[in-house]
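Heads up: the structure comes next, in structure tokens.
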Amino acid sequence: MGIHANLIAGEWKVSAESSDNMNPSDLGDIVGEYASGDASSVTDAVAAAAAAAPDWAATTPQARFDVLDAIGTEILNRKAELGELLAREEGKTLPEGIGEVGRAGMVFKFFAGEALRIAGEKIDSIRPGIEVEITREPLGVVGVITPWNFPIAIPAWKIAPALAYGNAVVFKPAALVPGCAWELADILARAGLPRGVFNLIMGRGSIVGEAMLENRGIAGISFTGSVDTGAHVAARCAARLAKVQLEMGGKNPLIILDDADLPTAVNCAVQGAFYSTGQRCTASSRLIVTEGIHDRFVDAIIERMKALRVGDALEADTDIGPVVDQSQMEKDLEYLEVGVKEGARLATGGKRLKRDKDGFYLEPALFTDTAPNMRINRDEIFGPVASVIRAGNYEEALSIANDTPFGLSGGICTTSLKHASHYRKNAQVGMVMVNLPTAGVDYHVPFGGRKGSSYGSREQGRYAVEFYTTVKTSYVAP
Ligand code: NAD
């Protein structure tokens, strides 16, 4: 198979450099070879996007609906095949991979509809005879920079609204997962978009990403990734007064109260903390458990964790796939050591596992007897590692839950309406879950957080319009 090229101005262009896309379940399996762009590819892509943007902005909502709807249809029709590619390159299990692809397809369908619903406002002027109208216009060229852990859903939920509201796009996926990004670009390239409206530049953040931050032709950057990179992206965008939207990390609490239904609490914790190998920004990494249920909960979750099958993402009986790569594996193992050194008890898991194929297999790990100020409870680990923090009562649990630099998702397991309602109002997060895992969200409503987790306007649902458009107020005298 040849090199998968970048898409610039409607042409597939190979670069001087390329890189192998490795399967984390089987290090001997190379998914494919993908172009690695450079600064000049970004210059060309931005120029093509800038040239194409005005005509795309002037298309009818019906034309944009048709293209986005067709993209959504093809993604949904190829759910099984693309889900397999996703599981192979990222390490999510096959059902999770197929589920993510389905979500990406529905995101395109949703934003196809949104193209038809771009509305303005008409309001009486305070001056006689004058008409005031408020309308939304696209930004122009939007830069999309995405992480590796949702290789198709996150690109979809940025690219679809960008196009629906009439922008042109330059898309840089994470270097670890170019496979889904390339397939998505191929679908977009065949969907009837004018040349240059959508461009794909695969490659490294330090080269392609940096070139995008610098390029004044890009009016706004929508970024998802780590806090450190996000802060850098924001600073660079601010320096040239570009619009910016950041979705970043989490250290999401799941509070389990004495009156919780134990099986529900265990399901929420296991699903939220360990599925997708814990590599979700919304993962439940802090399980804050009140006295009366603590020991029963710990026993029950350990029993469930021992039954989880860690293995090849593509095998039917796998519950938890591999860690994404060597450097994430090292980070997870390092935090497992840090936890023990800090005095936490490693109650189960945490060993690197051997399977038939050489891969990054890690046993899901649970720390108990942890304190809220330990590093394992402050830093985002981004692996299959969770901590139990004991709390005396609901009030203490709430205060621990909110005591974090992050604020993405927060959950509570309780049968008390009083505590559920109080938590919904007082959780310092963007998304609250009651008797549900902290991860797992709908595609048609806003997604995002507070504090160090998000910056700028919300993504997804109708709220996406805020980032991808700019508002114009017109005054007309007769
Ligand atoms: P990362 O910050 O390393 O990289 C994210 C993207 O930024 C990649 O495409 C990368 O190539 C690019 N990049 C790196 N350096 C850059 C630079 N100097 N200039 C421009 N671009 C640059 O993050 P990651 O390791 O790919 O993803 C994991 C992180 O993403 C975790 O922190 C996770 O919590 C976060 N995440 C957040 C959400 C959310 O919506 N809140 C969703 C998924 C993942």
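The values are calculated or read from the model by the stated rules, or taken from the named source; none is laboratory data. These figures come from a predicted structure and were not determined experimentally. Neighbour counts are summed over all protein chains in view; Cβ atoms, including those assigned to glycine, are modelled from backbone coordinates with ideal geometry. Ligands, DNA and RNA are excluded from the accessible area calculation, which covers all protein heavy atoms including side chains. Shrake-Rupley method; radii C 1.70, N 1.55, O 1.52, S 1.80 Å.
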Discussion item. Rounding to the nearest 10 and keeping the result within 0 to 90°, find how far the Cα-based axis of helix 326-342 lies from the longest principal axis of the chain.
Written reply: 40
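In whole percent, what relative contact order does region 316-427 give with Cα contacts below 8 Å and a gap of six or more residues? Kindly include the intermediate steps, with their values, before the conclusion.
Numbers: 128 pairs, mean separation 23.3, N = 112.
For region 316-427, the relative contact order is 21 percent.
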Worksheet item: Out of residues 5 or more away from GLY449 or on other chains, whose amide H comes under 5 Å of its own, with H placed 1.01 Å from N in the peptide plane?
Response: SER454
Worksheet item: Which lysines have a Cα lying under 28 Å from the Cα of LYS251, excluding residues fewer than 8 positions away in the same chain?
Response: LYS92, LYS158, LYS172, LYS243, LYS306, LYS331, LYS341, LYS351, LYS418, LYS425, LYS451
Fill in: Residues with amide H under 5 Å from that of LYS13, placed H, sequence gap 5 or more
ASN6, LEU7, ILE8
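Going by a ≥ b ≥ c, the root eigenvalues of the Cα gyration tensor, does region 22-102 fall in the rounded group (a/c under 1.5), the prolate group (a/b larger than b/c) or the oblate group?
On the way: a/c = 4.33, a/b = 1.41, b/c = 3.06.
Taking the square roots of the gyration eigenvalues as a ≥ b ≥ c, region 22-102 is oblate.
If you take the beta carbon distance between LEU27 and ASP442 as r and set R0 to 45 Å, what does 1/(1 + (r/R0)^6) give as a FRET efficiency, to the nearest 0.05?
Numbers: r = 36 Å, r/R0 = 0.79.
Working from the Cβ atoms, E equals 0.80.
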Fill in: Largest-first ordering by accessible area, 1.4 Å probe, given options ARG195, ARG88, ARG355
ARG195, ARG355, ARG88
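When each pair of different Cα atoms in region 53-184 is counted once in the 1/r mean, what is the Kirkwood radius in angstroms, to one decimal?
Details: mean 1/r = 0.0627 Å⁻¹.
For region 53-184, the Kirkwood estimate is 15.9 Å.
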Worksheet, complete the sentence: Any residue on another chain or 5+ positions along whose placed amide H is under 5 Å from the amide H of SER18 is listed here as SER36
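Give the Rg/Rh ratio for region 301-400, taking Rg as the radius of gyration of the Cα atoms and Rh as the Kirkwood radius, to two decimals. Intermediate results must be reported in sequence, preceding the final value.
On the way: Rg = 14.7 Å, Rh = 14.5 Å.
Rg divided by Rh gives 1.01.
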Worksheet item: Mind ordering 196-202, 248-254 by average Cβ neighbours within 10 Å, highest first?
Response: 196-202, 248-254
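If you count, for each residue, the other Cβ atoms within 10 Å and average over each peptide, how do 93-100, 455-462, 162-169 line up from highest to lowest?
162-169, 93-100, 455-462
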Fill in: Gap separating the Cα centres of region 79-107 and region 204-251, nearest whole Å
26
Worksheet item: Cα axis of helix 291-306 to longest principal axis of the chain: angle in degrees, 0 to 90, nearest 10?
Response: 80
Worksheet item: What does the accessible area per residue of the chain come to in Å², with a 1.4 Å probe and no ligands, DNA or RNA counted?
Response: 40
Item to complete: Could you quote the convex hull projected area for the chain, Cα atoms only and averaged over all directions, in nm²?
Response: 23.8
Worksheet item: What list of ³J(HN,Hα) values in whole Hz, one per residue of region 398-404 in order, does the Karplus curve 6.51 cos²θ - 1.76 cosθ + 1.60 (θ = phi - 60°) give from phi, with Gly and Pro shown as x?
Response: 5, 5, 5, 4, 7, 7, 7
Worksheet item: Helix 178-189 sits at what angle to the longest principal axis of the chain, using alpha carbons and giving 0 to 90 degrees rounded to 10?
Response: 30
Worksheet item: Going highest first, how would you order 359-365, 326-332 by mean Cβ packing within 10 Å?
Response: 359-365, 326-332
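Roughly to the nearest percent, how much of the accessible area of region 13-163 is carbon and sulfur, given a 1.4 Å probe? Display every interim value, and only then the final one.
Details: 3320 of 5980 Å².
C and S fraction of accessible area: 56 percent.
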Worksheet item: How far is the Cα center of region 400-478 from the Cα center of region 328-384, in Å?
Response: 28
Item to complete: Using only alpha carbon pairs under 8 Å that are at least six residues apart, calculate the relative contact order of the chain and give it in whole percent.
Response: 18
Item to complete: Estimate the FRET efficiency between LYS425 and TYR463 by the formula 1/(1 + (r/R0)^6), using the beta-carbon distance for r and 25 Å for R0, to the nearest 0.05.
Response: 0.80
Worksheet item: Per residue and in Å³, how big is the convex hull formed by the alpha-carbon atoms of region 209-322?
Response: 140
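Give the relative contact order (percent, whole number) for region 43-191; include only Cα pairs under 8 Å separated by 6+ residues.
Working: 236 pairs, mean separation 45.6, N = 149.
In percent, rounded to a whole number, it is 31.
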Fill in: Against the rule of thumb 2.2 N^0.38 Å, how large the Cα Rg of region 337-478 comes out
1.40
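In square nanometres and to one decimal, what's the mean projected area of the convex hull around the Cα atoms of region 83-143?
Values: hull surface 27.8 nm².
Here the figure is 7.0 nm², rounded to one decimal.
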Worksheet entry | Theoretical ellipticity at 222 nm over the chain - DSSP helices of four or more residues, -39500 (n - 2.57) apiece, nearest 500 | -12000 deg cm²/dmol
Discussion item. In 10 Å bins starting at zero, report the fraction of Cα pairs in region 229-286 per bin as a rounded %.
Written reply: 22, 31, 22, 17, 8, 1
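Expected output is a single nm value to one decimal: the length gained when fully extending between GLU337 and LYS472, i.e. 0.36 nm times separation in residues minus the C-alpha distance. What is it? Intermediate results must be reported in sequence, preceding the final value.
Details: separation 135, 0.36 × 135 = 48.60 nm, distance 5.46 nm.
Full-extension gain reported as 43.1 nm.
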